[in-house]
Amino acid sequence: MSVAATLLRLWQQMILWFAAILLVVQVGAVAAISLAGPVRFSFWLVVAGAAAKYWPLVAGILLVSLHLRTFVANGVTRHEFLRGLVLFAAGIALVFPAVVVVGHAVESVVLGLFDHRAASYPVFHFGEAAAEYLHLLPATVGFLTTGILISAGFYRFRPWIGVLLIAPGALPGLAGEGLIEVSDSGELIARLPYAIALTLTAVAVVLGAVATHRLLRDVAIKRSAT
Amino acid sequence: MIEMRGVTIRYGDTVAVDDVSLTLPTDKIYGLLGRNGSGKTSLLSALASYRRPSRGTVLVDGVEAFENPAIMRGTAFIRDTLDLNDSDRVRAALDVAGRLRPTWDAEYAHKLLDIFELDPRKRISALSRGQRSIVGVVLGLAARTPLTILDESYLGMDAVARTLFYRELLADYLAHPRTIIISTHLIEEVAELFERVVIMDRGRVLLHDETDALRGRGVTVTGPAEQVSAFATGHTVLGEQTLVGVRALTLDGRLDPDEIARGERAGLTFGPLGLQDLFVHLTSQRLEVSR
Amino acid sequence: MFNDRSPIYLQIADGIKNDILSGTLREDEQVMSTNQYAAFYRINPATAAKGFAQLVDEGVLYKRRGIGMFVSPAAPGKLRAERRERFFAEALEPVLDEAERVGISVDEITHYLGSRR
């Protein structure tokens, strides 16, 4: 079976738990906030929006440190692993922002039904769904790339070199979040013209991917995770 | 055919494997012997493409092995530390092997767990040293790969588990012949399973021969110091002991019966050398290489 | 079963010869296959095969293609003749050497043997 499918199988349980916890927190918190009156902000955009950055960062780190060794030990080449990793990571990166958008839509509609949206609540507009998605995507892709790149640095080199490499490794994530984001108040922000910001993020992500390939294509398989 | 050509592995200034060239015909059981730090694990890491050699190449049937999908798929390298995550359950580790290895035999894996009485629901972190070794053996044997490498896979196993391990290894090899390389320090226990033996010493291959050719290859000669020394001229001396006029020399090579008969008439006694003693003599610091 | 001080294939060959001489294995009787032998005695099958090949070379065993190996009809007689030939040199000479070392005369030995008759 392919590397990506095996990764999905291994992560299935963790992803389901994560989704369940996020959902329970969301429902509980919004219900509690609603008791105090109309809701002034999108709890989902704050919590799931942040999760769409930091969870991919952690996932990226875990993917290399947990699985490179175990997959090679099961007869998978480094290149096959990297290809499967890209496929699996692309899946996370494409789906997670979409989940954020859908969640925002549900939250907005449900609160609207109960007429519980305050004036400052970022009402979801179906016409803006694509734009919202495209403003979430770069940060998710960037942080995922950063997570993978940083753990590749630690895998390849001694810890202190790994620490030094955190700074350049953080670039894709920082570019993605710094240039394009959806603010906590639901505002779509591009600090440069969107096309240029997106291109810069894409360049950082591609450079990160190339660096990861360089670091891992012939790396010695260590006895421990890092 | 598995070939190593001029393989050198360096860690900084340390040379772990020093220009090793080795040809291993396939479908045999090999024993890899050597003292601690002699470079066994580094050599095996290169064989299994876990590490790219600093210099030299590993070829399988004439094709470079490193990062070759077909060859790596057909290679299982079980290290004593196990390449699993501690939080995984045994069952999950076997499941991943089944997904990634086309040659995996799940039924056989479970049969082995039964034989070794290991509960697949246990987490790796909850296993004793011997049980971890058992998981390694199961992963190695049930993978049924054309090249299976077991690096000190007996660590922590009790005598019963080791006996089961050797029995299962041989039975499965008879049913599914393949190349199996076993590194070990317990020479006397497993030597009968080895068709060939490779002995490493300080990063180099000291010897590669049929195991049977090494049994009785060395001989000890004991007797009056002068006669023993006279007899030994022309032979390679591996070891020497002298005590009040009596000398015992360990000689390399098989003596012909006439020579032994002549020695016995001169009052010398001869004793053949076992495999383990031969290994110890060949790899111990030769303080007194006398001729 | 085997010691590691002489090649195992020779020990295997000797063991089977002893079985033939003692009558445990009879003329034209099938012997174990090398794999059965290897599994039974926990040794490498190539080593076992070498021992059997040696016996085929010496004419002690013969092969029937696709069936297995059998004891040659002539084997017991031939082995007995060989062993008889070697008996004096290999079994008796060391006894006489030892006797000489401890001062037992040939007469004493003959006398002893006479009493055993």
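The values are calculated or read from the model by the stated rules, or taken from the named source; none is laboratory data. Just so you know, these numbers come straight off a predicted model, no measurement behind them. Reconstructed Cβ throughout: ideal geometry from the backbone, glycine too, with neighbour counts over all protein chains shown.
The set of residues in the stretch C:53-74 that are among the small types (Gly, Ala, Ser) and assigned to a loop (DSSP other than H, G, I, E, B) comprises C:GLY59, C:GLY66, C:SER72, C:ALA74.
Taking the criterion of being acidic (Asp, Glu) and in contact (Cβ under 8 Å) with a residue 40 or more places away in the chain, the only residue of the stretch B:237-272 that qualifies is B:GLU240.
Tally the residues that are outside any helix (DSSP H, G or I) and surrounded by 13 or more Cβ atoms within 10 Å (Cβ to Cβ), restricting the search to the stretch C:75-117.
Taking the stretch C:75-117 first, the residues outside any helix (DSSP H, G or I) are C:103-105, C:117.
In the following step, the residues that additionally are surrounded by 13 or more Cβ atoms within 10 Å (Cβ to Cβ) were identified as C:104.
Residues in the stretch C:75-117 being outside any helix (DSSP H, G or I) and surrounded by 13 or more Cβ atoms within 10 Å (Cβ to Cβ): 1 in total.
Of all residues in the stretch B:41-60, one or more are free of Cβ contacts under 8 Å to residues at least 60 places away in the same chain, in contact with a Lys or Arg (Cβ under 6 Å, 6 or more places away or on another chain) and assigned to a strand (DSSP E or B). The set of residues from the stretch C:1-33 being part of a loop (DSSP other than H, G, I, E, B) and within 14 Å of another protein chain (Cβ to nearest Cβ) comprises C:MET1, C:PHE2, C:ASN3, C:ASP4, C:ARG5, C:SER6, C:PRO7, C:MET32, C:SER33. For the stretch B:203-222, filtered to residues that are within 14 Å of chain C (Cβ to nearest Cβ) and of a type in the set (Gly, Ala, Ser), the residue that is nearest to B:LEU43 (Cα to Cα) is B:ALA213. In the stretch C:34-52, the residue that is nearest to the other protein chains (Cβ to nearest Cβ) out of those that are among the aromatic types (Phe, Trp, Tyr) and either assigned to a loop (DSSP other than H, G, I, E, B) or in contact (Cβ under 8 Å) with a residue 24 or more places away in the chain (or both) is C:TYR41.
Reported count of residues in the stretch B:74-91, each being small (Gly, Ala, Ser) and facing chain A (nearest Cβ under 8 Å), is 2.
Among residues of the stretch B:119-147 that are closer than 15 Å to B:ALA92 by Cβ and in the same structural domain as B:ASP83 (by TED's automatic domain parsing), those with a Cβ under 8 angstrom from a residue that is in a helix (DSSP H, G or I) and of a type in the set (S, T, N, Q), sequence gap 6+ or separate chain, pair up as B:LYS122/B:GLN131. Residues in the stretch B:50-69 that are within 8 Å of another protein chain (Cβ to nearest Cβ) and in contact with a helix residue (DSSP H, G or I) (Cβ under 9 Å, 6 or more places away or on another chain): B:TYR50, B:ARG51, B:ARG52, B:PHE66, B:GLU67, B:PRO69. What residue, among those in the stretch B:95-116 that are farther than 18 Å from B:HIS176 by Cβ and surrounded by fewer than 21 Cβ atoms within 10 Å (Cβ to Cβ), is farthest from the other protein chains (Cβ to nearest Cβ)? In this case the residue turns out to be B:ASP114.
Taking the criterion of being without any contact (Cβ under 8 Å) to a residue 40 or more places away in the chain and more than 7 Å from chain C (Cβ to nearest Cβ), the only residue of the stretch B:188-202 that qualifies is B:GLU189. Residues of the stretch B:74-87 include at least one that is over 21 Å from the mean Cα position of the chain (by Cα), buried (at least 17 other Cβ atoms within 10 Å of the Cβ) and not in a strand (DSSP E or B). Checked against (1) in contact with a strand residue (DSSP E or B) (Cβ under 9 Å, 6 or more places away or on another chain); (2) buried (at least 20 other Cβ atoms within 10 Å of the Cβ); (3) charged (D, E, K, R), A:GLU128 meets all criteria but (2).
Would you say B:LEU150 is surrounded by fewer than 20 Cβ atoms within 10 Å (Cβ to Cβ), aliphatic (A, V, I, L, M) and either outside any loop (DSSP other than H, G, I, E, B) or more than 11 Å from chain C (Cβ to nearest Cβ) (or both)? Outline the logic, then answer.
Numbers: surrounded by fewer than 20 Cβ atoms within 10 Å (Cβ to Cβ): no; aliphatic (A, V, I, L, M): yes; either outside any loop (DSSP other than H, G, I, E, B) or more than 11 Å from chain C (Cβ to nearest Cβ) (or both): yes.
For B:LEU150, the condition - surrounded by fewer than 20 Cβ atoms within 10 Å (Cβ to Cβ), aliphatic (A, V, I, L, M) and either outside any loop (DSSP other than H, G, I, E, B) or more than 11 Å from chain C (Cβ to nearest Cβ) (or both) - is not met.
When A:ALA48 is tested against (1) touching a residue at least 12 places away in the same chain (Cβ under 8 Å); (2) of a type outside the set (Phe, Trp, Tyr); (3) out of contact with any helix residue (DSSP H, G or I) (no Cβ under 7 Å at 6 or more places or on another chain), just one condition goes unmet, and that condition is (3).
Could you check the stretch A:107-226 for helices (runs of 4 or more DSSP H) lying wholly inside it with 3 or more residues that are away from chain B (no Cβ under 14 Å) and without any contact (Cβ under 8 Å) to a residue 12 or more places away in the chain?
A:159-164, A:194-216
Among the residues of the stretch B:159-176, not a single one is closer than 17 Å to B:ARG196 by Cα and part of a loop (DSSP other than H, G, I, E, B).
Just checking: which of the helices (runs of 4 or more DSSP H) contained wholly in the stretch B:209-291 hold 1 or more residues that are within 30 Å of B:LEU22 (Cβ to Cβ) and at pLDDT below 85?
Values: elements: B:211-214, B:225-232, B:257-265, B:275-283.
Of the helices (runs of 4 or more DSSP H) lying wholly inside the stretch B:209-291, none has at least 1 residues that are within 30 Å of B:LEU22 (Cβ to Cβ) and at pLDDT below 85.
The combined condition, being of a type outside the set (Val, Ile, Thr) and over 19 Å from the mean Cα position of the chain (by Cα), is not fulfilled by B:ARG162.
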